[in-house]
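Remarks on the structure that follows.
Just so you know, all these numbers are worked out from the coordinates, no wet-lab data involved. This is a predicted model, so every value here is computed, not measured. Every residue, glycine as well, gets a Cβ built from its backbone with ideal geometry; the counts of neighbours run over all protein chains shown.
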Amino acid sequence: MSKSELPDRVDAYKLADQLTHLDGVVSSTRLSRLAEAVLSQDAEFKASLDFNRDAEQRRVVTGEVSGSVELECQRCLQAVKHTIDSRFHLAIVYNDEMAKALPSGLEPLMLLPDQPLDVAEVIEDEVLLSLPMHAMHAQGECEIQTEFKPDDSEAGETSTQKDNPFKVLESLKKRS
């Protein structure tokens, strides 16, 4: 059974004050930046978001997102499947001073009090941050063709020595 689609926009300040939990999916059609970064992606990503307040009464959003994407392997240039299973802890802030004052376990989520939160954008940011810097198959799983071995005709060409551009300098050295 498919979960319901998460809303497009929410009032994050109000939801945090009401200690709200959202659970559902985000359609991949709402994740345009992700589509540009991957070869293919799941039709939808499962996500859950908890809006609440921490011990210092900061409004926080904690959540999880899961799904999978296909990336281009940097060794063999073939598709490699990457599973997304990301957890995040965000503090809702509206200026730089608030963001700088956050403890190390919280990332800032810049949002003005009257500005709605784009749920898909938060989910997309987390998915993009969880992508590997260099996607590669596990060692030994790549479909790399055998190493390049030049045939004999090319080997003969590379073994002949090319003219040294500094040969002229050698003649100048002999004159002095």
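Exposure proxy ranking for Leu34, Leu131, based on other Cβ atoms within 10 angstrom of each Cβ and starting from the fewest, stands as Leu131, Leu34. Which is the longest run of the chain containing none of the trypsin sites (Lys or Arg not before Pro) found in DSSP loop states (not H, G, I, E, B) with at most 16 other C-beta atoms within 10 Å? No qualifying site falls inside 76-161, the longest such stretch.
Would you mind checking region 75-113 for residues with the amide N under 16 Å from a putative spin-label position 7 Å along Cα→C-beta of Glu56? Flagged as within label range: 89-110. Between the amide H of Ala91 and those of Val61, Glu107, Leu109, distances stay under 5 Å, these residues lying 5 or more places away or on another chain, with hydrogens modeled in the peptide plane. When you filter the GluC sites (Glu not before Pro) in region 43-124 for DSSP loop state and at most 11 other Cβ atoms inside 10 Å of their Cβ, you are left with Glu56. Around the Cα centre of the chain, unit charges on the Cβ atoms of Lys, Arg, Asp and Glu (plus for the first two, minus for the last two) sum to a dipole of about 820 debye.
Short to long, the 10 Å bins of the Cα pair-distance histogram for region 9-129 hold 13, 41, 29, 14, 3, 0 percent of all pairs. Within the same chain, lysines fewer than 8 places from Lys162 are excluded, and of the rest, those with a Cα less than 29 Å from its Cα are Lys149, Lys173, Lys174. As a ratio to 2.2 N^0.38 Å, the alpha-carbon radius of gyration for region 1-55 is 1.35.
Exposure proxy ranking for Phe45, Phe166, Phe88, based on other Cβ atoms within 10 angstrom of each Cβ and starting from the fewest, stands as Phe166, Phe88, Phe45. Summary of the geometry: region 1-76 and region 123-145, compared by the centres of their Cα atoms, lie 20 Å apart.
Using the Cβ of Leu39 as centre and a radius below 13 Å, the other residues enclosed give a net charge of -3, where K and R count +1 and D and E count -1.
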